[in-house]
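Since the structure comes first, as structure tokens, the remarks are kept for the end.
The values are calculated or read from the model by the stated rules, or taken from the named source; none is laboratory data. Just so it is clear, the structure is predicted and the values come from calculations on it, not from any experiment. Here the Cβ positions follow ideal geometry from the backbone for every residue, glycine too, while neighbour counts run over all protein chains shown.
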Amino acid sequence: MPAVQKNVVPYLTVSDAKGAIAFYKKGLAAKEVMRMPAEDGKRLMHAQIEINGHAIYLSDDFPEYANGSHRAPKPGGVTPVGMFIQLKAPKEVDQWIARAAKAGATVTMPASDQFWGDRFGVISDPYGHSWQFGAPLPKPKKAPAKKKAKGK
């Protein structure tokens, strides 16, 4: 395994880790760091990618381990946990969502300006995982204070 991570690293279980890595490369500009094939030669026991500079671990579904507690989402299903990608500029939210959709993701919440001050949107990847994108909106400029007239 690569060097120890100093943050929380999401670990995704998917139904096809090789296909998921290909999707994440195309749809989320992921960089593959490593992969560890399983003994069966078909599945991946462990893999690491980087998205937006942050590590994500993933593996194929191995129902024979851990009493089947780490299962991939069912086809067409989604997990109750989403990954959030913090972006710098509002236009990046639209760009990330468009790239993911072009690669096969489903847009579940189109990008729009939100009341909390971010541009925000959500996609579901073909493997049932939710990805949220957000970037702060520019702060409105304050109107200059009116000067008081002298002598009043």
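Between 47, 72, 38, 100, which is under 15 Å from the mean Cα position of the chain (by Cα) and among the aliphatic types (A, V, I, L, M)?
100
Among residues belonging to the stretch 72-92 that are more than 22 Å from residue 137 (Cα to Cα) and not β-branched (Val, Ile, Thr), point out the one that is modelled with the lowest pLDDT.
First, the residues of the stretch 72-92 that are more than 22 Å from residue 137 (Cα to Cα): 72-81.
Retained after the next criterion (residues that are not β-branched (Val, Ile, Thr)): 72-77, 80.
Numbers: 72: 88, 73: 86, 74: 80, 75: 72, 76: 77, 77: 79, 80: 85.
So the residue we want is 75.
Restricting attention to the stretch 9-58, the residues being over 17 Å from residue 84 (Cα atoms) and among the hydrophobic types (A, V, I, L, M, F, W, C) number 13.
I need the full set of residues from the stretch 79-97 which are of a type in the set (A, V, I, L, M) and surrounded by 14 or more Cβ atoms within 10 Å (Cβ to Cβ), in order please. Passing the criteria: 83, 85, 87, 93, 97. Selection of the stretch 123-137 for residues being within 15 Å of the chain's Cα centre (by Cα) and under 13 Å from residue 94 (Cβ atoms) yields 123, 133, 134, 135.
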